[in-house]
Amino acid sequence: MKTIQAEFHGDQLKLNQRPDLVADDQQILIKVAAAGVNPVDTYIVAGTNNYTANFPHTPGKDAAGTIIGLGENVEGFELGQRVYCAGTLSGASAELCLASPNHVYPLPNNLSFEQGACLGTPYATAWRALFIRANSQAAETVLIHGASGGVGLAAIQLAKAAGCRVFATAGSDAGLALLKQQGADVVANHHLPEHYQALQQAGKVDVVLEMLANQNLGDDLPLLNKGGRVVVIGSRGSVEINPRDLMARDACIMGMALANATPQQLQQIHAAIYAGAEAGFVNPVIAKRFALADTTDAHHAVMQAGATGNVVINVG
């Protein structure tokens, strides 16, 4: 099988050949059709943001493909089944991957393998942030700050389906057009200094999903309604805030890491994702596609500003 590997943190990703994987009694073997690429994958390879890995390391948590091997103690799946996985044992950037049954989910027939590879991290992150951490409710206003990437677009789709009003920001004309196309009610270019004024004029916000807290958090707080909640999904440094912005609104800031989800939460999240896909509102947007041999380019692409969707690797 062909697989992408790094030998140490910061190493160049290389396309290697290694023996085909075989599932043990508790594992599922998947023939990978597509792998999703998320910023966390690059952090793990680089060894930054407190991430580490065992080496040689094959990157990628998210994949979609077909089951070709089942451990004898695995129940609820069948050979030939279309699935996606939200976490792998061997890495998604390879022709084959191993996964635990509790990280493998059926892929609805109306989604492609490319789209399936975008479900595990982006949609699960968005769903947990919106409905478990922030407890978003119908008729509330949700601001998604930095919404044109995979998590942000997932959050727009999920929030709109739940009956929320959605404000969303992006940093390019293409990104803003995409946010409108996805159903955002109010959009703003977060590179423009006056974008906070435009958001304030549009109305108070009940929930903020913040992708770059070190840059935006201090300015998010004055936008909040009483009882407002900010969920920090991403940050690349420290930030200064005025606590009185929280006190005056009985507001709160909370962190969110998908790795902290309990098994029960994951079952709830992925059941909701499946139902949303069947209903038609879970519909991942693909921005850039790469071949397996070009995985390094995919990792560079996912970290660039101006995202307009998900980055995927086509494997087979």
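Here are some notes:
- Residues of segment 185-218 satisfying the condition of being modelled with pLDDT under 95 and acidic (Asp, Glu): Glu194
- Residue match in segment 219-234 (condition: open to solvent by 30 Å² or more (accessible area, probe 1.4 Å), out of contact with any helix residue (DSSP H, G or I) (no Cβ under 8 Å at 6 or more places or on another chain), at pLDDT below 95 and more than 26 Å from Asn50 (Cα to Cα)): no
- Contacts under 6 angstrom Cβ, first residue in segment 13-33 being under 20 Å from Val104 (Cα atoms), partner exposed (fewer than 12 other Cβ atoms within 10 Å of the Cβ), 6 or more apart: Asp25/Glu72; Asp25/Asn73; Gln26/Asn73
- Which listed residue, of Thr296, Thr308, is assigned to a helix (DSSP H, G or I), open to solvent by less than 60 Å² (accessible area, probe 1.4 Å) and of a type in the set (Ser, Thr, Tyr): Thr296
- The residues of segment 189-201 that are in contact (Cβ under 8 Å) with a residue 24 or more places away in the chain and either more than 27 Å from the chain's Cα centre (by Cα) or open to solvent by 30 Å² or more (accessible area, probe 1.4 Å) (or both), listed by number, are His190, Tyr196.
- Residue in segment 35-47 that is farther than 21 Å from Cys118 by Cβ and open to solvent by 10 Å² or more (accessible area, probe 1.4 Å) present: yes
The values are calculated or read from the model by the stated rules, or taken from the named source; none is laboratory data. What you see is a predicted model, and the numbers here were worked out from it, not measured in a lab. Cβ coordinates were reconstructed from backbone atoms using ideal geometry, including for glycine residues, and neighbour counts include every protein chain displayed. Protein only, heavy atoms only, side chains kept; ligands, DNA and RNA dropped before computing areas. Shrake-Rupley method; radii C 1.70, N 1.55, O 1.52, S 1.80 Å.
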